[in-house]
Amino acid sequence: MGAFLHMKGSIKMEKRVFETNFRGRNLTVEIGELAKQAQGAVLVRYGDTVVLSTVCVSEEANVLSDFFPLMVLYQEKLYSVGKIPGGFIKREGRPSEAATLAARMIDRPMRPLFPEDFRNEVQIVNTILSVDPDNSPELAAMFGSSLATSISKVPFNGPIAGVKVGRVEGKFVINPTVEETDESDIDLTVAGTKDAINMVEAGAKEVSEEDMLEALMFGHEAVKELIKFEEKIIEEVGQEKMKYEVLEITDELKDEIYSLAKEPLDNAMRIKGKLEKYAAIDKVKEDVIAKFEYENESMDKDALNELITKVKLCLSKVEYEVFRKIVVKEKKRADGRKMTEIRPLSTDIDLLPRTHGSALFTRGETQSLSVVTLGALGEHQIIDGLSPEDEKRFMLHYNFPQFSVGETGRYGAPGRREIGHGALGERALLQVIPSEEEFPYTIRVVSEILESNGSSSQASICAGCMALMAAGVPIKAPVAGIAMGLITDGDDYTILTDIQGMEDHLGDMDFKVAGTKDGICALQMDIKIKGVTKEILKEALEQAKKARLEILKVITKQIKEPRKEVSKYAPKTLTFTIDPMKIKDVIGKGGEMITKIILEASNVDTVNDMNAVKVDLEDDGRVIIYHTDKEIIDRTAEMIKNVVKEVEVGKIYTGKVVKVIDELGCFVELWEGCEGLVHISQLSDKRVAKTSDVVSEGDEIIVKATGYKNGKLTLSRKEVLLKDKIKDEGLNKKKTTKEEKKEEKAE
């Protein structure tokens, strides 16, 4: 086991290596060599993927804080995939969207397992050192985060682990490869303890509830295998857990606050309106706090501050218990709804006349305005990250302004929550987005949350679906989403349909399900307790399906199917194919030819002009042209086809003289981008002294394509003239013969 040396709360040991074969792949853990000053550090090798996971904890706690200061970081290093970062700075900057989502995915199953009264700051840092796309660095980081925390002195009720589940040709696969993922109809990440699942993230191609539940259970069995491996390591190298400072609250204080606040909080919670309810609850808390401040005004400032913190914690506890009694014992909801009842729904489309598609979806006091914009394929998002995917053509962005909850607050770049909610909505709608070949557009949906009282991500899916149909995007089927809740009280529990803000905040589970009438497209679950059972998951999925179908009826009543044409303000598109070898000719040297085509076809001065036609040239030879004006599209297509059109040797063409050189001949343009030389000897059937004696610039002449010389097209006017002369002589000869026969007959 090696010699131990304690220093600054860290653990020093000789290097230890632990290995296991997990579902046919090597999983290796190295401890004791790297990052030795951290309180816990493990190097995880999963195939060729290598992740360093570390944990550090502050020695002092802010016991007066009302939250646990946990930070989980997922640091992508582009050298791990042999890339140099893009841009001018050439070093990693702010976390990518993928890194933010990975950090959230690790945080969510771990956070509920720290002690409720633990207030020491904890930082878990995952540094991605090497990436094998077939062996997920996110899951290696989740495994490393759990193990590093479990072997450290940080109190943690783990370990946890996570796996991906796919389904290829009807068979479930654990941690599918990139190729298997492409073929899979399920992309599920499931995490949990050895006893229960406590985090789910999934995308699926309209998979049934029964199949999804089976996939969840299949994944949990694999999770148990990983946890068993972790437990073996923890037993051998785990440290003794630290003692930490807690805020002691006497039973007398708890009882006093309970007697003061229980009844008024119970009354306040039964108010239906969100703002009125929250105002009443705040008033109860303010009155109780004011009472203690008045009765203890002679106290030392620090002592009074500590007392008020205890009062606030007790009030939160009373609020929590009263809420549970109403829901679980009385089977009532704070706003008077039944357990399976959805709040009132309303929908609208085409609110914004100049956008390509818009829709409004309102569920109770939650409201999303979603807007669709269609762009050229070349406007796709470029991804500078660790995954094999380097671009995407469908995006859903979610914005949550503070006014949506009637508050002031921070405005700026999207936070982790906004990125996470947007990713969930994007995953749900992505399953029904048409292929690039079916609909050659980049598609962006933006959800503006205008009101929020729970489940705004699912409102974004509903509004986004309607906006896509209004924009003429031929989605495969309408999609709706619903958020389910779980309230437990001992062994009793209640599952709630369409949870509002308070039910989310005080409840034990947030379980979001989105899909079509035929199956699930996306799934997300977060819980605040240790885990949920198969029975609870099954009941929640069945209840969610009923709600989803109810919402889909409302959506399809507003707009039944996608419009047949895109908005008049959206770019129209024309697609055709050219020889891939000709793409370089269309682009031209330094982009000269394509720039010329865009400027002339659009009649603009710069390619950046908003009225300039957009042209995408794909490697397979596809040419896709975008503009709101069909005439400009047709003109652009004609110019491109002229560039790639092949001259047929022996065929006669009409061309325009574009340059005259007396001693050499003239250059004739058959069509734009195609010129050939008529040598002076080929200008006429008679001898020509000077080219200008026969033709001038701008003349239209008929020529024959005779071949190529030194790679240049050669043309002949002489052969056309000779051919015409022979034809005329033949006609004259025939005519003479007929006249002679006529005369002979007459004689």
Any chance the stretch 137-153 includes a residue that's in contact (Cβ under 8 Å) with a residue 40 or more places away in the chain, part of a loop (DSSP other than H, G, I, E, B) and crowded, with 23+ Cβ neighbours inside 10 Å? yes
The stretch 463-477, residues that are buried (at least 24 other Cβ atoms within 10 Å of the Cβ) and touching a helix residue (DSSP H, G or I) at 6+ places or on another chain (Cβ under 8 Å): Gly464, Cys465, Met466, Leu468
When you scan the stretch 395-410, do you find a residue that is over 30 Å from Gly273 (Cβ atoms), out of contact with any Ser or Thr (no Cβ under 8 Å at 6 or more places or on another chain) and surrounded by fewer than 16 Cβ atoms within 10 Å (Cβ to Cβ), even just one? no
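Conditions tested, residue by residue: (1) on the phi > 0 side of the Ramachandran plot; (2) touching a helix residue (DSSP H, G or I) at 6+ places or on another chain (Cβ under 8 Å); (3) at pLDDT below 95; (4) not assigned by TED's automatic domain parsing to the domain that holds Met639.
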residue: Thr577; (1), (2), (3), (4): no, no, yes, no
residue: Lys584; (1), (2), (3), (4): no, no, yes, no
residue: Gly590; (1), (2), (3), (4): yes, no, yes, no
residue: Met593; (1), (2), (3), (4): no, yes, yes, no
residue: Ile598; (1), (2), (3), (4): no, yes, yes, no
residue: Thr606; (1), (2), (3), (4): no, yes, yes, no
Would you mention how many residues in the stretch 144-201 are on the phi > 0 side of the Ramachandran plot and among the charged types (D, E, K, R)? 1
Can you give me the ranges of the strands (runs of 3 or more DSSP E) entirely in the stretch 156-235 with at least 3 residues that are aliphatic (A, V, I, L, M)? 161-168, 186-192, 197-207
Of the residues that make up the stretch 356-373, is at least one on the phi < 0 side of the Ramachandran plot, at pLDDT below 95, of a type outside the set (Asp, Glu) and out of contact with any helix residue (DSSP H, G or I) (no Cβ under 7 Å at 6 or more places or on another chain)? no
Odd one out for Leu313 among (1) in contact with a Ser or Thr (Cβ under 8 Å, 6 or more places away or on another chain); (2) modelled with pLDDT of 90 or more: (1)
With the first residue restricted to the stretch 95-120 and required to be within 14 Å of Ser387 (Cα to Cα), and the second required to be surrounded by fewer than 20 Cβ atoms within 10 Å (Cβ to Cβ) and among the small types (Gly, Ala, Ser), Cβ contacts under 8 Å at 6 or more apart or on different chains are Ser96/Gly385; Ala98/Gly385; Ala98/Ser387; Ala99/Gly385
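Can you go through Asp302, Asp282 and tell me which one is without any contact (Cβ under 8 Å) to a residue 40 or more places away in the chain, over 38 Å from the mean Cα position of the chain (by Cα) and more than 30 Å from Glu19 (Cβ to Cβ)? Please lay out each step first, then the result.
On the way: Asp282 fails: over 38 Å from the mean Cα position of the chain (by Cα).
Criteria check complete, one pass: Asp302.
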Looking at (1) closer than 18 Å to Glu426 by Cβ; (2) not in a helix (DSSP H, G or I), can you tell me which one Thr494 breaks? (1)
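State whether the residues of the stretch 512-521 include one that is assigned to a loop (DSSP other than H, G, I, E, B), within 17 Å of the chain's Cα centre (by Cα) and more than 29 Å from Phe67 (Cβ to Cβ). Even if it seems obvious, please write down each step before you answer.
Of the stretch 512-521, the ones assigned to a loop (DSSP other than H, G, I, E, B) are 516-519.
Filter again for within 17 Å of the chain's Cα centre (by Cα), leaving none.
Checking the stretch 512-521: not a single residue is assigned to a loop (DSSP other than H, G, I, E, B), within 17 Å of the chain's Cα centre (by Cα) and more than 29 Å from Phe67 (Cβ to Cβ).
Can you tell me which residue within the stretch 415-473, out of those that are of a type in the set (Asp, Glu) and part of a strand (DSSP E or B), is farthest from the chain's Cα centre (by Cα)? Spell out the reasoning first.
In the first step, residues of the stretch 415-473 are kept if they are of a type in the set (Asp, Glu); the result is 418, 426, 436-438, 448, 451.
Narrowing further to those that are part of a strand (DSSP E or B): 448, 451.
Numbers: Glu448: 16, Glu451: 23 Å.
Once the filter is applied, the top-ranked residue is Glu451.
Here's the yes/no breakdown for (1) under 16 Å from Lys704 (Cβ atoms); (2) touching a Gly at 6+ places or on another chain (Cβ under 9 Å):
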{"site": "Met593", "(1), (2)": "no, yes"}
{"site": "Thr606", "(1), (2)": "no, no"}
{"site": "Asp616", "(1), (2)": "no, yes"}
{"site": "Gly621", "(1), (2)": "no, no"}
{"site": "Arg635", "(1), (2)": "no, no"}
{"site": "Val643", "(1), (2)": "no, yes"}
{"site": "Val658", "(1), (2)": "no, yes"}
{"site": "Glu669", "(1), (2)": "yes, yes"}
{"site": "Lys686", "(1), (2)": "no, no"}
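Restricting attention to the stretch 270-303, which residues are part of a loop (DSSP other than H, G, I, E, B) and among the β-branched types (Val, Ile, Thr)? Before you say what the answer is, go through the steps one by one.
Going residue by residue through the stretch 270-303, those that are part of a loop (DSSP other than H, G, I, E, B) are 270-273, 296-300.
Correct list: Ile271 only.
Determine, yes or no, whether Lys641 is surrounded by 15 or more Cβ atoms within 10 Å (Cβ to Cβ) and of a type in the set (Lys, Arg). Before the answer, list the steps.
Values: surrounded by 15 or more Cβ atoms within 10 Å (Cβ to Cβ): yes; of a type in the set (Lys, Arg): yes.
Spelling it out, Lys641 is indeed surrounded by 15 or more Cβ atoms within 10 Å (Cβ to Cβ) and of a type in the set (Lys, Arg).
Against the definition (on the phi < 0 side of the Ramachandran plot, free of Cβ contacts under 8 Å to residues at least 60 places away in the same chain and among the aliphatic types (A, V, I, L, M)), how does Ala290 come out, yes or no? If you could, list the steps in order and put the result at the bottom.
Values: on the phi < 0 side of the Ramachandran plot: yes; free of Cβ contacts under 8 Å to residues at least 60 places away in the same chain: yes; among the aliphatic types (A, V, I, L, M): yes.
Taking the combined requirement at face value, the residue satisfies it.
The values are calculated or read from the model by the stated rules, or taken from the named source; none is laboratory data. Keep in mind it's a predicted model, so treat the numbers as computed, not measured. Positions of Cβ are generated from backbone atoms using ideal geometry, with glycine treated the same way; all protein chains shown enter the neighbour counts.
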